[in-house]
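A short worksheet on the structure shown next.
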Amino acid sequence: MAAATSLPLEELRDPVPPTPRTIAAPSGLGDRIFRVGAASSGVLVMAVMAAVGLFLAIEGTDALRVSGFSFLTTSEWQPDRGEFGIAALIPFTVMIALVAVTIAVPVSLGASLFITEVVSPRLRSSLVALVDLMAAVPSVVYGLWGLFLLQGQNVHLARFLTTWFGWIPIFAVDGDDPTNPLGSASSYTSSTFLAGVVVSMMVIPLQASVMREVFSQVPPGEREGAYALGSTRWGMIRVVALPFGRGGIIGGTMLGLGRALGETIAVYLIISPRFDFTPHVLEAGSNSVSAHIALRANEASDFALSTLMAAGLALFTMTLVVNFAASAMVARSRSGAASE
């Protein structure tokens, strides 16, 4: 028998650590083209955003120099007299967006869960196409639909809400008795609530698309494991799908909020512009930054156009803040962190 070899005592005490092997995949022409194209697209998007913000800042400099900080605290819009500001426009814009998101989130969440967890695979593609087609409808069509069809029906709903929930400040309507059958319907038309309802129809496909894509990535093992433990369909959705899709829910909600903040034509067609802010969403009259810009742009002088650019800069900044907040929330959630 061969004699057993023995290692030196120093090697037994201090073994040489293994050197990690470098793994490198050959980079072909297609990979290099894709890498350059992806990087160029990202840089182009950031450059366009920076160019838009810089353009608005330069064009609005004259107005901001005249108004100063009062641009954010003034509720008048008379550029020729030097009295202008967005103190009423910003709250109206936020309220319209909040009404839209409040209505759109439950509908979007229910639609996305129904498509991914309930409906049969045969009908899934058809329902996905129908929801996505809502995003292809022009905003002017939604505005006309709300103006000529939904506005008359909204009066009855607004009176109902005022009658039974008027003790809540946002549902109160000043100067009108909802129980009076001969009361004027004009107190409830062109309201913040109506504009929010119409905008919610435009937000639903965006939110539903984001939520549906996240719910479709739920690991089958976790889903089947919940069923194997005796869970019902709703129990599986509550324990598995909703926690996994938390990032998609938050991200879709915030992206829809950003979309609702900048909606122009539909709001422009529906609202009756006013500059005295009221928190009563059912009361006639409302406004928004984007609709105000569309209303005043055609007749604006050079200085008045600068004031509109300053208002656009404020809206641009607010939308960027919302979108960056959505990105941060998604990154901190389970599904968002997994997608990084």
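No value in this document is a laboratory result; all are computed from the given coordinates. All values derive from a computational prediction rather than experimental measurement. When we count neighbours, we look across all protein chains shown, and the Cβ atoms used for this are built from the backbone with ideal geometry, even at glycine.
Below are the figures for this structure:
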read-out: Residue match in region 278-300 (condition: part of a loop (DSSP other than H, G, I, E, B), of a type in the set (Lys, Arg) and either under 30 Å from residue 160 (Cβ atoms) or out of contact with any Asp or Glu (no Cβ under 7 Å at 6 or more places or on another chain) (or both)); value: no
read-out: Complete set of residues in region 255-277 that are in contact with a Gly (Cβ under 6 Å, 6 or more places away or on another chain) and part of a helix (DSSP H, G or I); value: 265, 266, 269, 270
read-out: Qualifying residues in region 138-152 (those that are of a type in the set (A, V, I, L, M) and free of Cβ contacts under 8 Å to residues at least 60 places away in the same chain) - the one farthest from residue 263 (Cα to Cα); value: 149
read-out: Among (1) surrounded by 18 or more Cβ atoms within 10 Å (Cβ to Cβ); (2) under 26 Å from the mean Cα position of the chain (by Cα); (3) within 30 Å of residue 113 (Cβ to Cβ) - the single one residue 288 does not satisfy; value: (3)
read-out: The listed residue being touching a Ser or Thr at 6+ places or on another chain (Cβ under 9 Å), buried (at least 24 other Cβ atoms within 10 Å of the Cβ) and not in a loop (DSSP other than H, G, I, E, B), out of 195, 241; value: 195
read-out: Meets criteria (part of a helix (DSSP H, G or I), out of contact with any Ser or Thr (no Cβ under 9 Å at 6 or more places or on another chain), closer than 24 Å to residue 209 by Cβ and of a type in the set (Ser, Thr, Tyr)) for residue 125; value: yes
read-out: Qualifying residue in region 138-155 (condition: among the small types (Gly, Ala, Ser) and over 25 Å from residue 291 (Cβ atoms)); value: no
read-out: Looking only at region 161-192, and only at residues there that are exposed (fewer than 12 other Cβ atoms within 10 Å of the Cβ) and in a helix (DSSP H, G or I), the one that is nearest to the chain's Cα centre (by Cα); value: 169
read-out: Single residue of region 68-94 satisfying the filter (closer than 18 Å to residue 272 by Cβ and hydroxyl-bearing (Ser, Thr, Tyr)) that is surrounded by the most Cβ atoms within 10 Å (Cβ to Cβ); value: 93
read-out: Residue check for residue 68: under 24 Å from residue 257 (Cβ atoms) and without any contact (Cβ under 8 Å) to a residue 40 or more places away in the chain; value: no
